[in-house]
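Q: Pasting a structure here, questions to come.
The values are calculated or read from the model by the stated rules, or taken from the named source; none is laboratory data. Since we're looking at a predicted model, the values are computed, not measured. Here the Cβ positions follow ideal geometry from the backbone for every residue, glycine too, while neighbour counts run over all protein chains shown. In case anyone asks, the SASA skips ligands and DNA or RNA and just uses the protein heavy atoms, side chains included. Shrake-Rupley method; radii C 1.70, N 1.55, O 1.52, S 1.80 Å.
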Amino acid sequence: MIKQFINSIQTLCEPDRVHICDGSEEEFHALAQLLEKQGTFVRLQKRENSFYARSDPSDVARVESRTFICSENRENAGPTNNWKDPKEMKALLENLFKGCMKGRVMYVIPYAMGPKNSPYTKFGIEITDSPYVVCSMKIMARIIQIDEGKEFVLGVHSVGMPLKEGEKDVPWPCNQEKVIAHFPEAKEIWSYGSGYGGNALLGKKCFALRIGSKIAKEEGWLAEHMLIMGLTNPEGKKKYIAAAFPSSCGKTNLAMLTSSLKGWSVECVGDDIAWMHFGKDGRLYAVNPENGFFGVAPGTSEKSNPIAMKMIEKDTIFTNVAYTKEGDVWWEGMSETPPEGLIDWRGNPYKKGEKAAHLNARFTVSKKRCPIYDPLGDDPRGVPIDAIIFGGRRAALLPLVVEAYDWTEGVLMGAALSSEMTAAAEGALGDLRHDPFAMLPFCGYHMGDYFQHWLDLETQERKMPKIFSVNWFRKNEKGDYIWSGFGENVRVLKWIFNRLEGSEVGVKTALGFVPHELDTTGLKIDEKELKKLFLVDSAAYSKECKDLLGYFQTTFGERFPRNLKDALTRWQDRM
Ligand code: SAT
Ligand code: MN
């Protein structure tokens, strides 16, 4: 079956030859050398075994407008996804992929998503003509061997730039035309034209979220855009938390938080994706399907994330950051002022007032490099989740933290998530958009059914995690962030932890419980401003509820669950 598939792709794409990847260090180094020779990689003088890549300036982020869910029935892709008939899409792809790997090597990457020997782990094969993708996948996924007995999600990727005889390659081959197509019934992924991130590393958003969410729905579990962290209190008691934020809202920083409170500490299981199943004991268990971090570089600093700074000291691939004359990398936020003689992400001498690094510049690094990688991070059973957090980037309205009154209202908090746009996807920066569960670009089926799936998970026998909503990004009248964020977020996590323990009071508001007070020892914050962070402004929120109802009804119609509508009415009535 698999051999046959590989053969058929070879026939279609007409590569010069086929290379089956074994995931070894030797293979990585040989490919890294090849990439150096082609000018894709520059080996960094200042960081051991690390490389610098610059993409084509037109290929820098996920292309949501060219991402498709090709379900048999249009309805099943739902209103939030682009849909194309699978037969039509296959015909289009056959056309695009015909001879698309001429002059290139076709790499076959068999990989696992999830820990070794875990019942929750799933397998994929990515066929690609990009050695950059192979090197990245070696970090981001666990490369395994092809095993005809296993079920594989099949993925085909091409940069879409065949080479004529004797034609010289460019450092970042790609095509202006891009298509990222998912076939949820056949469990297949076809990606054409981009070599960047989630467009090209098919294990990540394509498999672990879009196809993953569809499988999870069928099998009764959850594939979520969530970080997973362990939080330990001064008595040594530990709890695990999963948290959903839209792309580029600080998930990596939160997952690796350095606590500003004595005795409290965080360990990291994952920074982007959680696969969660209910165990026989009725608790929810999470595994991180990924093997590495594909983190946003700009803004990452000794202040915002010292753990990540340590983590990327070596064995890291940097893409679209700036390059220093000493042979190191730099990005906005790393230091006050850019170093002399900097080359920007486009390869030009850095000019003041321009961006040195692209806003969506990334580092790619194995999770084994994370200094606070959780001891249970690779446990095949996963880690038990006690709390789920939903967070967006909202300058106004949303309190710093709220605890939902029950599961259904918690699910509503997830559904109600909205956020100001970041650079992780194409689109106007800063525009507010609804992003339910931070899954808007990642849900592989009808999002109304996805809401219902969340609601259906609650049963008498299960110990449902508590659900919280957070917003680190509230601003004051002057336009400054009120909350200092980063390591200080542990103060909010402490409140959440103690709520789970039952040792902390909550103040009732229309939305849920907010803190009576937070531990602010050592924190410089105006008490008046702090109080504002816990305020649920009834009038303003009433309007938000109306907007939400409008959004839910016009977008999801009949498929917006009745129970969520009722919960929204409860919010509204309490305002
Ligand atoms: O999708 S990517 O992997 O490129 C990053 C993100 O949007 O979270
Ligand atoms: Mn993400």
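Q: Given labels modelled 7 Å from the Cα in the Cβ direction, how far is it in nm from Gln45 to Leu523?
A: 4.4
Q: Where does the charge balance sit around Ala425 when Lys and Arg score +1, Asp and Glu -1, over other residues with C-beta under 12 Å from its C-beta?
A: Spelling it out: positives minus negatives among the neighbours equals 0.
Q: Determine the per residue accessible area of the chain with all protein chains present and a 1.4 angstrom probe, expressed in square angstrom.
A: Computed with neighbouring chains in place, this is 40 Å² per residue.
Q: Sticking with this structure for a sec: So what does the Cα-only Debye profile of the stretch 106-206 read at q = 0.11, 0.17 Å⁻¹, as log10 I(q)/I(0), no solvent term?
A: So the normalised log intensities are -0.33, -0.75.
Q: Also, quick follow-up: Once label points are set 7 Å from the Cα along Cα→Cβ at both Ser503 and Ala540, what is their separation, rounded to one decimal in nm?
A: Taking the simple label geometry, Ser503 and Ala540 are separated by 3.4 nm.
Q: Continuing with this model, one more query. Could you derive backbone 3J(HN,Hα) for the stretch 93-100 from the dihedral phi with the Karplus parameters 6.51, -1.76 and 1.60 (θ = phi - 60°), listing whole Hz in sequence and x where the residue is Gly or Pro?
A: Result, ordered by residue: 5, 3, 5, 5, 7, 4, x, 6 Hz.
Q: What does the convex hull of the Cα atoms come to per residue for the stretch 205-290, in Å³?
A: Expressed per residue, the convex hull around the Cα atoms of the stretch 205-290 is 89 Å³.
Q: Something else about it: How much net charge surrounds Leu440 when only the other residues with a Cβ under 9 Å from the Cβ of Leu440 are counted, with Lys and Arg +1 and Asp and Glu -1?
A: Net charge in that neighbourhood comes out at -1.
Q: Given H placed 1.01 Å from N in the peptide plane, which residues other than close sequence neighbours of Ile143 have an amide H under 5 Å from its amide H?
A: Ala112
Q: Enumerate the amide H contacts of Tyr285 below 5 Å, restricted to partners 5 or more residues apart or on another chain; note that Pro and chain-start residues carry no placed amide H.
A: His277, Phe278, Gly279, Ile385
Q: Looking at Gly166, Ala186, Gln176, which one has the Cα that reaches farthest to the positive end of the dipole of the stretch 143-191 (charges on Cβ: Lys, Arg +1; Asp, Glu -1)?
A: My answer, from the dipole projection, is Gln176.
Q: What base-10 log of the normalised intensity I(q)/I(0) is obtained for the chain from the Debye formula, alpha carbons as equal point scatterers, at q = 0.12 Å⁻¹?
A: Evaluating at q = 0.12 Å⁻¹ gives log10 I(q)/I(0) of -1.21.
Q: Quick check on the stretch 386-503: take the gyration tensor over C-alpha atoms, sort the square-rooted eigenvalues as a ≥ b ≥ c, and tell me if it's rounded (a/c under 1.5), prolate or oblate.
A: oblate
Q: Using the Cα centre as the reference, give the magnitude of the dipole from point charges on the C-beta atoms of the stretch 1-120 (Lys, Arg: +1; Asp, Glu: -1; all else neutral), rounded to the nearest 20 debye.
A: I would put it at about 160 debye.
Q: Using the Kirkwood radius over C-alpha pairs as Rh, can you work out the diffusion coefficient of the stretch 60-128 via Stokes-Einstein at 25 °C, viscosity 0.890 mPa s, in µm² per second?
A: The estimated diffusion coefficient comes to 162 µm²/s.
Q: Let me ask you something else. Which of the listed residues, Leu455, Gly479, Pro399, is farthest toward the dipole's positive end in the chain, when Lys, Arg count +1 and Asp, Glu count -1 at the beta-carbon?
A: Value computed over the given set: Gly479.
Q: Here is a further query. Which one, Gly114, Leu35, Phe5, projects farthest toward the positive side of the charge dipole computed for the stretch 1-136 from Cβ point charges (K/R +1, D/E -1)?
A: Among Gly114, Leu35, Phe5, the one farthest towards the positive end of the dipole of the stretch 1-136 is Leu35.
Q: State whether the stretch 458-575 is rounded, prolate or oblate according to the following rule on the C-alpha gyration tensor (a ≥ b ≥ c being the square roots of its eigenvalues): a/c under 1.5 gives rounded; otherwise a/b larger than b/c gives prolate, and the remaining case gives oblate.
A: Cα axes put the stretch 458-575 in the oblate bin.
Q: Turning to a different aspect of this structure: Around Gly292, which amide H atoms from residues at least 5 apart in sequence, or from another chain, sit under 5 Å from its own amide H, with H modelled in the peptide plane?
A: Lys367
Q: Roughly how many percent of the accessible protein surface of the chain is carbon and sulfur, given a 1.4 Å probe and a whole-percent answer?
A: 49
Q: In debye, nearest 20: dipole of the chain around its Cα centre with unit charges on the Cβ of K, R (+) and D, E (-)?
A: 440
Q: Compute the length gained on full extension between Lys478 and Gln572: take 0.36 nm times their separation in residues and subtract their Cα-Cα distance, giving the result in nm to one decimal.
A: Computed gain between Lys478 and Gln572 is 30.9 nm.
Q: Send over the Kirkwood Rh of the stretch 161-239, from the inverse of the averaged 1/r over different Cα pairs, rounded to one decimal Å.
A: 15.8
Q: Across bins of 5 angstrom width beginning at 0, how are the C-alpha pair distances of the stretch 211-366 distributed, in whole percent?
A: Each 5 Å bin holds this share of Cα pairs: 2, 9, 15, 18, 16, 14, 10, 8, 5, 3, 1, 0.
Q: Under unit Cβ charges (Lys, Arg +1; Asp, Glu -1), what dipole magnitude, rounded to 20 debye, does the stretch 471-575 have relative to its Cα centre?
A: That gives the stretch 471-575 a dipole magnitude of about 260 debye.
Q: Before anything else, pin down the relative contact order of the chain: Cα pairs under 8 Å, at least 6 apart, normalised by residue count, whole percent.
A: Contact order relative to length: 15 percent.
Q: For labels at Asp431 and Asp281 in the simple 7 Å Cα→Cβ model, what's the distance in nm?
A: 4.7
Q: Provide the percentage of antiparallel DSSP beta bridges, counting only those with both residues in the chain; round to the nearest 5.
A: Roughly 65 percent of the DSSP beta bridges within the chain come out antiparallel.
Q: Quick one: net charge of Ser130's neighbours, Cβ under 12 Å, K/R +1, D/E -1?
A: Charge balance near Ser130 sits at -3.
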